[in-house]
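The values are calculated or read from the model by the stated rules, or taken from the named source; none is laboratory data. Just so it is clear, the model here is predicted, and its values are computed rather than measured. Heads up, the Cβs are rebuilt from the backbone with ideal geometry, glycines too, and the neighbour counts pull from every protein chain shown. Areas reflect the complete protein model, heavy atoms only, side chains present, ligands, DNA and RNA absent. Shrake-Rupley method; radii C 1.70, N 1.55, O 1.52, S 1.80 Å.
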Amino acid sequence: MALATSLPAAIIFDMDGVLLDSSPFHLRKWMNFLRTRAIPFDEQGLPKIVLGPANDVIFRHFLGADLTREQLLELSEELDASFRREIGPHPPALPGVRRFIEECHAHGIAMAVASAAIASNVTFLISALGLQDYFRVVLAVDATARPKPHPDVYLKTAEKLGVRPAECVVFEDSFVGIEAAKRAGMKCIAIASTFSADVLRRETHPDLIVPNFETVTLQTLHHLF
């Protein structure tokens, strides 16, 4: 009983790099995008720029701040159609994801997805993973005016779930995502999939860092509270 009463009211998952190992596909799509436009970039530094922030932020970084809303939408659709072709119909889930989600579902913990990806990608990937029935709320970057590291998407998700931010645990992998979760007043577990544990420890301030979901249990969540 002590465990059940000290679990979070809700768990909110980022998608890319958390539910599935999509980072290599995102890097590939951005490298292809930049190369076809002859835009120079540092391959080693690219992950910090493109893994985590919303597409609009990255487009403005490389193409300038004066892009119109219509141009941003057209570029996003082109980029993410390329991503869906690259990753294919059977994306790779992170180890332990399904076991953990089923365990939380069995204990009645509300679950949601709050992603910096566009809605079409979020829907596509959650369905491809076969996890769509587990999430009460799914929010994409389209649902808020300000992307991560602003906490808006996490605060709006908690509101839709009907829980207080302090009762939530967020799973994140990116610098901006971890910052957004902490600014929302939520507990945050960082998954060392996109960036190493050493890098996350140096650059961010989550409550816990784990390699994947194989090391996460309900007891892990219990210790956060």
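The figures follow:
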read-out	value
Per-bin percent of Cα-Cα distances, segment 1-95 [5 Å]	2, 11, 19, 21, 16, 11, 6, 5, 4, 3, 2, 0, 0
Positive dipole terminus of the chain, leading residue within 163, 61, 111 (C-beta point charges)	163
Cα convex hull of segment 101-169, projected area averaged across orientations, nm²	4.7 nm²
Selection from 145, 6, 71 lying farthest towards where the dipole of the chain points positive, charges on Cβ	6
Value of relative contact order over segment 139-213, rounded to a whole percent, pairs C-alpha under 8 Å and six or more apart	26 percent
Sequence-separation-based contact order of the chain, relative, with Cα cut under 8 Å and 6+ spacing, percent	28 percent
Mean accessible surface per residue for the chain, computed with a 1.4 Å probe while every protein chain stays in place, in Å²	46 Å²
Linear extension gain, residue 142 paired with residue 66, 0.36 nm per residue minus alpha-carbon span	25.4 nm
Net charge over other residues, Cβ less than 10 angstrom from the Cβ of residue 52 (K, R count +1; D, E count -1)	-3
GNM flexibility winner over the chain from 136, 146, 69 (Cα, springs under 10 Å)	69
Helix-only mean residue ellipticity at 222 nm for the chain, each DSSP H run of n ≥ 4 adding -39500 (n - 2.57), per residue, nearest 500	-13500 deg cm²/dmol
Charge tally in the Cβ shell below 12 Å around residue 24, where Lys, Arg are +1 and Asp, Glu are -1, residue 24 excluded	-1
Matching label, Rg/Rh (Cα atoms, Kirkwood Rh) computed from the structure shown, candidates (1) 0.94; (2) 0.96; (3) 0.99	(2)
Surface share of carbon and sulfur [accessible, 1.4 angstrom probe, percent] for segment 109-225	49 percent
Label-point separation in nm, residue 32 to residue 105, each point 7 Å along Cα→Cβ	3.2 nm
Cα centroid of segment 106-132 to Cα centroid of segment 23-84, whole Å	23 Å
Magnitude of the charge dipole, segment 93-188, Cβ model with Lys/Arg +1 and Asp/Glu -1, debye to 20	180 debye
Neighbourhood charge, 11 Å Cβ-Cβ cut-off, centred on residue 67 and excluding it, Lys, Arg +1 and Asp, Glu -1	-2
Low-density loop positions, trypsin sites (Lys or Arg not before Pro), segment 30-61 - DSSP coil, at most 15 other Cβ in 10 Å	37
For the chain, share of DSSP beta bridges that run antiparallel, in % to the nearest 5	5 percent
